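S.K.: Supplied in structure tokens, the structure appears directly below.
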Amino acid sequence: MAAEDSRARAARKDDHLRLAPGSRPTGAHSEFDDLAFVHHALAGIDTAAIDLSTHVDGMRWSAPLYINGMTGGTTRTAAINRELAIAARETGIAMGTGSASIAVDDPSTSTGFRIVRDENPDGLVFANLGIGRGGDDVRRAVDLLEADALQIHINPVQEIAMPEGARDLSSWHASLEEMIAASPVPVIIKEVGFGLSRETLMRLRDLGVRIADVSGRGGTDFLRIENDRHADGGLSFLTGFGQSAPASLLDAPAGFPALLASGGVRNPFDVVKALALGARAVGVAGVFLDAAVEGGADALIVMIQRWLDQIRSIMALLGADSPAALVSTDLLVRGDLGEFCALRGIDAASFSTRSRATDSPD
Ligand SMILES: Cc1cc2nc3c(=O)[nH]c(=O)nc-3n(C[C@H](O)[C@H](O)[C@H](O)COP(=O)(O)O)c2cc1C
């Protein structure tokens, strides 16, 4: 990808920050609401017996929650990264930054990324780059943050909608191979809010990818953000394109090494539902960004601690002593999500009786 003028890129980052909150649907139907747990009144356990730690392809994370990649590269986004990093440090959750391509091309912008590691020297930090970068860029982005993992985002819908976006997506497969081979740390492939299909996950698996964040539709909407940057409304008729995080998790091929979920996560109940669909951890971008912008790190720390407490409470109710145990809960898959399953040949009914497989015989 040709190195774009860093001023243009910085302006786009600030545009994204400004337009992101208004892009999230308010009051619209969420496919997380198409999921309901079957209530078993005697299944509950002691909240003190719950271990929130989770395993993501050999890595142990202390909680199944992370701040997803968003910002960096401008004065404003550096200040936000600092607040996010302090919140991650104080709550012990993992955190990604926004795409570091701007810092790789123009090192004068690197402090806004580096601040994440400086504020959180022992934390779990992900670097982030878009697909289409070379092996040297991968190594520089990882070095800059002393990153524990590298998120590579694949964002075809956003690129096509972006006025200055890529128009030739045909080289992405080869680019991914090069980037994965160059990374000295585990790679997390992620979408940016349009979901990953079974076919995509299978192609990723064939490339050796072991961790994928489905980042589905229903939260921050980059189609809307990019359309708002077009004078003529751009591709606004594509609204609703892509799959939600719950649909992507249901669609995923069995045995994919480690799935992460993000996109449209509004509250701790959505987190628990994603874990019950097999995600090892759940990422939140827009909702945490709003809290950090409005009330700084202090407000975000309070929010994350409350979420972790409430995740624990819901797990106690469901009888799950670990995030992994949630995959034995009984889930009803209804509405649009049920229709998606029917059309994609997914046995949604099998999720409604999963606990019977682990019940001890009478
Ligand atoms: C302001 C903003 C900037 C973002 N920038 C990036 C980015 O640079 N790289 C990336 O992989 N995802 C980026 N994302 C996408 C998020 O990581 C996430 O996939 C998406 O927002 C869906 O999650 P949400 O509904 O919780 O916001 C950005 C999101 C926001 C809100």
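Yes/no per residue for (1) under 29 Å from residue 174 (Cα atoms); (2) free of Cβ contacts under 8 Å to residues at least 40 places away in the same chain; (3) small (Gly, Ala, Ser):
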{"site": "226", "(1), (2), (3)": "yes, no, no"}
{"site": "235", "(1), (2), (3)": "yes, no, no"}
{"site": "238", "(1), (2), (3)": "yes, no, no"}
{"site": "249", "(1), (2), (3)": "yes, yes, no"}
{"site": "287", "(1), (2), (3)": "no, no, no"}
{"site": "291", "(1), (2), (3)": "no, yes, yes"}
{"site": "305", "(1), (2), (3)": "no, no, no"}
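S.K.: OK, next. Across the stretch 95-144, what is the number of residues that are in a loop (DSSP other than H, G, I, E, B), out of contact with any strand residue (DSSP E or B) (no Cβ under 8 Å at 6 or more places or on another chain) and small (Gly, Ala, Ser)?
M.R.: Total meeting the criteria: 3.
S.K.: Also, quick follow-up: May I ask you to say which residue of 100, 11, 36 is among the hydrophobic types (A, V, I, L, M, F, W, C) and either within 11 Å of the ligand (Cβ to nearest atom) or touching a helix residue (DSSP H, G or I) at 6+ places or on another chain (Cβ under 8 Å) (or both)?
M.R.: After applying the criteria, what remains is 100.
S.K.: Something else about it: Only helices (runs of 4 or more DSSP H) wholly contained in the stretch 177-289 count here; list those with 3 or more residues that are modelled with pLDDT under 95 and within 15 Å of the ligand (Cβ to nearest atom).
M.R.: Ranges flagged: 222-228.
S.K.: For residue 5, which of the numbered conditions (1) out of contact with any helix residue (DSSP H, G or I) (no Cβ under 6 Å at 6 or more places or on another chain); (2) within 27 Å of residue 233 (Cβ to Cβ); (3) of a type in the set (Asp, Glu); (4) within 16 Å of the ligand (Cβ to nearest atom) fails to hold?
M.R.: (4) is the only condition that residue 5 fails.
S.K.: In addition: Counting only residues that are more than 26 Å from residue 336 (Cα to Cα) and of a type outside the set (Lys, Arg), give me the strands (runs of 3 or more DSSP E) lying completely in the stretch 17-94 with at least 2 of them. Don't jump to the end; show me each part of the working.
M.R.: Numbers: elements: 35-37, 54-56, 59-61, 65-67.
So the answer is 54-56, 59-61, 65-67.
S.K.: Further question: Which residue, of 168, 221, 213, is acidic (Asp, Glu) and farther than 22 Å from residue 286 by Cα?
M.R.: Values: 221 fails: farther than 22 Å from residue 286 by Cα; 213 fails: farther than 22 Å from residue 286 by Cα.
It is 168.
S.K.: Given 345, 335, 295, which one is without any contact (Cβ under 8 Å) to a residue 40 or more places away in the chain and on the phi > 0 side of the Ramachandran plot?
M.R.: Going through 345, 335, 295 in turn, the sole match is 345.
S.K.: Let me ask something else about it. Any residue at all in the stretch 315-334 that's away from the ligand (no atom under 16 Å from the Cβ), within 14 Å of the chain's Cα centre (by Cα) and not small (Gly, Ala, Ser)?
M.R.: No, the conditions are met nowhere in the stretch 315-334.
The values are calculated or read from the model by the stated rules, or taken from the named source; none is laboratory data. Predicted model, so just to flag it, every value in this text is computed and none were measured. Note that each Cβ is placed from the backbone with ideal geometry, even for glycine, and that neighbours are counted across all protein chains shown.
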